[in-house]
Amino acid sequence: MNAREQAMLADRRTSPGYKLLTNRIGLWLFFLSDSFVFGGLLVTRFYLLGNQRPHLEQALGLIVTSVLLLSSFFMNRAEVEISRGNRKAFVTNTLITLLLGITFLVGVVGFEWRDAPFGPADGPQGAVFYMMTGMHAFHVLTGVFFLAILLRNGLRGLYSAERHWAVEAAANYWHFVDLVWIFFYPALYLIGSVVK
Amino acid sequence: MKQERINEIRRGGLVFAVLALLTALEYLLGTNAVPPALLWLIALSKAGLVAWFFMHIFRVFRSEGGH
């Protein structure tokens, strides 16, 4: 490789496009590694409980699932709005997503944990249920913190149509948390018969 | 530009509607003891929609956007 080619390669590696590409790959590698944690929890659920499921409130499960799906919709809108340079709509949609995230946390940790007729130490169903929902809720809580940062920066006008990688990353993280719940919901609430 | 934004928001709304419909179907089937394979199939479809439309999995190896 001659000096000119080396200089071109160096230029390419410091270009915004290349940085964005590596950022995206890095984020997805993180998702992949985190998937192993959640995948392990799913396998544990079926290993310990088999074709039985914890005794849970069905209506609450459906409500929190719907709330999380709705939050993904608003997160998507927030990302679309900032990519078009509409800061006001971005802030509004981020705020709605954040509030829905808090609602999900209140539903799972505030109500489901309180109303479940078993504790974390009450056999396999307690271990499985609290570990799965706890680990997921921790991720939702982290996502809520990210959204709060987006909201603060959005209000300060730090994002624009040309500069919003942080929004894309936080949005993808939020959707990933939703994606995990898509598998946790049937595993915890729908598959199998209730543990006697 | 404006039309593109409207199209993207419309697409997001449509994806959400399909996800909501699949969730309702999942709930109805799940509370009526159907084979678990069917519930996994619905979950996989929902996950695919989220990964494709909301997470933009197709642009992981692209540098479009320039931000």
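Every number here is computed from the coordinates shown, using simple stated rules; none is lab data. Since this is a predicted model, take the numbers as computed values, not measurements. Cβ: placed from backbone, ideal geometry, glycine included. Neighbour counts: every protein chain shown.
Key figures
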read-out	value
Candidates B:Arg5, B:Arg10 - the one that is at the interface with chain A (Cβ under 9 Å from one of its Cβ atoms) and part of a helix (DSSP H, G or I)	B:Arg5
Residue match in region A:15-33 (condition: of a type in the set (D, E, K, R), facing chain B (nearest Cβ under 7 Å) and not in a helix (DSSP H, G or I))	no
Members of region A:128-145 found to be out of contact with any helix residue (DSSP H, G or I) (no Cβ under 6 Å at 6 or more places or on another chain) and hydrophobic (A, V, I, L, M, F, W, C), listed by number	A:Phe129, A:Met131, A:Met135, A:Phe138, A:Leu141, A:Phe145
Residue tally, condition among the hydrophobic types (A, V, I, L, M, F, W, C) and closer than 17 Å to A:Val67 by Cβ, over region B:16-36	7
Selection from region B:31-56 of residues that are more than 16 Å from B:Glu8 (Cα to Cα), in a helix (DSSP H, G or I) and either more than 7 Å from chain A (Cβ to nearest Cβ) or out of contact with any Pro (no Cβ under 6 Å at 6 or more places or on another chain) (or both)	B:Pro36, B:Ala37, B:Leu38, B:Trp40, B:Leu41, B:Ile42, B:Leu44, B:Ser45, B:Lys46, B:Ala47, B:Gly48
Tally, over region A:143-181, of residues that are assigned to a helix (DSSP H, G or I) and without any contact (Cβ under 8 Å) to a residue 12 or more places away in the chain	3
Selection count where residues are in contact with a His (Cβ under 6 Å, 6 or more places away or on another chain), closer than 27 Å to A:Tyr18 by Cβ and in contact (Cβ under 8 Å) with a residue 24 or more places away in the chain, scope region B:25-67	1
Filtered residue count, region A:75-100, keeping only those that are under 13 Å from the mean Cα position of the chain (by Cα) and under 22 Å from B:Val18 (Cβ atoms)	4
Counted residues, region A:181-196 - those being at the interface with chain B (Cβ under 9 Å from one of its Cβ atoms) and of a type in the set (A, V, I, L, M)	4
Subset tally (residues that are more than 8 Å from chain A (Cβ to nearest Cβ) and surrounded by 16 or more Cβ atoms within 10 Å (Cβ to Cβ)) for region B:16-28	1
